[in-house]
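*Asks:* Take a look at the following structure, please.
The values are calculated or read from the model by the stated rules, or taken from the named source; none is laboratory data. The structure presented is a predicted model; accordingly, all values stated were derived computationally and were not measured. Positions of Cβ are backbone-derived with ideal geometry, glycine not excepted, and every protein chain shown enters the neighbour counts. In case anyone asks, the SASA skips ligands and DNA or RNA and just uses the protein heavy atoms, side chains included. Shrake-Rupley method; radii C 1.70, N 1.55, O 1.52, S 1.80 Å.
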Amino acid sequence: MADNSNSLKILENDLFIELSQLIEQNKQQITVQANSTVTILFWQVGNRINQDILQNKRADYAKQIVSTVSTQLKERYGNNFELRNLRRMMQFAEQFTDLQIVVPLSRQLSWSHFVELLPLKTIESKLFYAQNASNNLYGIRELRRQIALKAYERTNIADAQIIESTKIPFNTFKDPYILDLLGLQNTFLEKDLEEAILHDLETFILELGKGFTFVERQKRMIIDGEDFTLDLLFYHRKLKRLVAIELKLGKFQAKHKGQMELYLKWLDKYEKQEGENTPIGLILCAESSREQIELLEMHKDGIMVAEYWTDLPPKKQFEEKIHILLAEARERIERKKLI
């Protein structure tokens, strides 16, 4: 029994010495490139502990080893290496297994950003939020908000509508869009919705996502001597294409497709610049008609339909509604695969 105890102490001491050397090597870099170097160091520490425990089959002693090493590191290097945070480092390295993915993200995201991602269930959702936070320079508060508002799930719901589309790239739209911050009352007109969006354009663009740039409101089109007006016109810098947005107060109707098709063809003929891709459209409705949308196969014409919610339901109800919509979306994908 004494031999086992001495052996364990030797193992703990060896691990402590190795981790100390790793930390010492990075101390100078930490001063120069704080966020990135700290995050990478924490990944290395977590990965090294995981390797030591798993490769050397010390699962039975894992808790004791981690606790002892944490106490030693904390005494020498401070509270960053307290037990709770050391376990987070182990989770971090276990979940984000590829350091080559972590390194570029760490240039924009702090360790606190990654800590927010650890409780998420899938690596796909973790990478989605990490990439969005990096691209949009989200602070911790905004990252938490995006996670709370289920941005990943809502993007998946939208992507289910455009599966196998060559005109609308994935991860471009969401469904539904959460417009609760626009402050609209229970009863409003389409012009009120448009005014609210334009009054708080920054919030609306944040909800739309990275790359959208506002171009024009009430875009006038003259066709056969008649005036037509598109509610909102945006440009997506990354996609290099115009994005037409129509706002509808009620439920989606099949006739909305024809209207948007007309607008997109006009924009393609008269507004598209050299080097740009074909315009795409987004119809925002208070309520979508999912079976009609599926039957119309609107994605083939570069048209996306999504709901907008001007009131955010209580957390539990919101999560339930998103869960139902996501399940329906996955069911639609499976049906399309069978066709």
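*Asks:* Counting only residues that are exposed (fewer than 14 other Cβ atoms within 10 Å of the Cβ) and within 12 Å of residue 38 (Cα to Cα), which one in the range 101-126 is modelled with the lowest pLDDT?
*Replies:* 107
*Asks:* Scan 76, 84 and give me the residue that is assigned by the TED database to the domain that holds residue 39, touching a residue at least 12 places away in the same chain (Cβ under 8 Å) and not polar (S, T, N, Q). Steps first, please.
*Replies:* On the way: 84 fails: touching a residue at least 12 places away in the same chain (Cβ under 8 Å).
Every option except 76 fails the conditions.
*Asks:* A follow-up question, please. What tally of residues in the range 228-250 results from selecting those that are touching a strand residue (DSSP E or B) at 6+ places or on another chain (Cβ under 7 Å), open to solvent by 50 Å² or more (accessible area, probe 1.4 Å) and modelled with pLDDT under 95?
*Replies:* Count: 2.
*Asks:* Scan the range 271-290 for residues that are surrounded by fewer than 22 Cβ atoms within 10 Å (Cβ to Cβ) and in contact (Cβ under 8 Å) with a residue 24 or more places away in the chain and jot them down.
*Replies:* 271, 272, 275, 276, 277, 278, 285, 286, 287, 288, 289, 290
*Asks:* Sticking with this structure for a sec: Which one of 208, 198, 181 is out of contact with any Gly (no Cβ under 7 Å at 6 or more places or on another chain), buried (at least 19 other Cβ atoms within 10 Å of the Cβ) and of a type outside the set (Gly, Ala, Ser)? First the steps, then the outcome.
*Replies:* Values: 198 fails: buried (at least 19 other Cβ atoms within 10 Å of the Cβ); 181 fails: buried (at least 19 other Cβ atoms within 10 Å of the Cβ).
Result: 208 is the single residue among 208, 198, 181 that is out of contact with any Gly (no Cβ under 7 Å at 6 or more places or on another chain), buried (at least 19 other Cβ atoms within 10 Å of the Cβ) and of a type outside the set (Gly, Ala, Ser).
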